[in-house]
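**Student:** Before anything else, here's the structure in question.
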Amino acid sequence: MHDDLDSTSALALACSTALRLGGALYVLAERAGLAEPYYLADAGLRAGLRAAAGRTLNQGLLQQARSGLSVVRGSYSMGHAIAFTQAGFAVIGRVLQALEQPDEQYGLPEVLALAGDAAVLWPDMVDPEIDPGGSLVTYERASQIDARRALEAGGVSELRQVLGAQELTYRRLAKSLA
């Protein structure tokens, strides 16, 4: 699925994967009183997505993003979503690392696998409207495919549109957790 991508496309998909999961992670971090440091990590991912669209990547912002992620990772300890949350933070960490030390594919195969691993750890069934089988894993796989199709069809701007809906779905899932 990813071996024929150029590095810019791989960067866009890696960032969008982390941001998609971030829809849930933000809600969970906010509940834990960690919204501000999480927002720094999110800002780094969004800067990476902008870089995939041709903008210059702000290295200072990436440093702040890694610091924010470190705070959230070290402080988050709430509820039955902790395994998913820590796995999601690992996805973000891998993308931020790749942004700071880019390689040809921005670690995309690893990022996609880590996102699937995080989805396995979702602590609850998902709404049948999201996945008829109640599985976040199935939804995450479909989201990865949809993101790639959007990127190939319309570039980063089309990817952003698909990503927005995916983030909202993850956000809804996190808000529905007791």
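The values are calculated or read from the model by the stated rules, or taken from the named source; none is laboratory data. Because the structure is a prediction, the values reported are computed rather than measured. Heads up, the Cβs are rebuilt from the backbone with ideal geometry, glycines too, and the neighbour counts pull from every protein chain shown.
**Student:** Go through (1) modelled with pLDDT under 95; (2) assigned to a helix (DSSP H, G or I); (3) not hydrophobic (A, V, I, L, M, F, W, C) and name the single condition GLU104 misses.
**Tutor:** (2)
**Student:** Given the condition over 17 Å from the mean Cα position of the chain (by Cα), surrounded by fewer than 23 Cβ atoms within 10 Å (Cβ to Cβ), in contact (Cβ under 8 Å) with a residue 40 or more places away in the chain and under 27 Å from SER157 (Cβ atoms), answer yes or no: does some residue in region 59-82 qualify?
**Tutor:** Yes, region 59-82 contains a residue that is over 17 Å from the mean Cα position of the chain (by Cα), surrounded by fewer than 23 Cβ atoms within 10 Å (Cβ to Cβ), in contact (Cβ under 8 Å) with a residue 40 or more places away in the chain and under 27 Å from SER157 (Cβ atoms).
**Student:** SER70: of a type in the set (S, T, N, Q) and modelled with pLDDT of 95 or more, yes or no?
**Tutor:** yes
Okay, residues lined up against (1) assigned to a helix (DSSP H, G or I); (2) under 16 Å from the mean Cα position of the chain (by Cα); (3) β-branched (Val, Ile, Thr):
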site	(1), (2), (3)
GLU129	no, no, no
SER143	yes, yes, no
ALA150	yes, no, no
LEU159	yes, yes, no
ALA165	yes, yes, no
THR169	yes, yes, yes
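**Student:** Separate question: Restricting the search to region 146-178, which residues are farther than 17 Å from LEU121 by Cα and among the aliphatic types (A, V, I, L, M)?
**Tutor:** ALA147, ALA150, LEU151, ALA153, VAL156, LEU159, VAL162, LEU163, ALA165, LEU168 - these are the residues of region 146-178 that are farther than 17 Å from LEU121 by Cα and among the aliphatic types (A, V, I, L, M).
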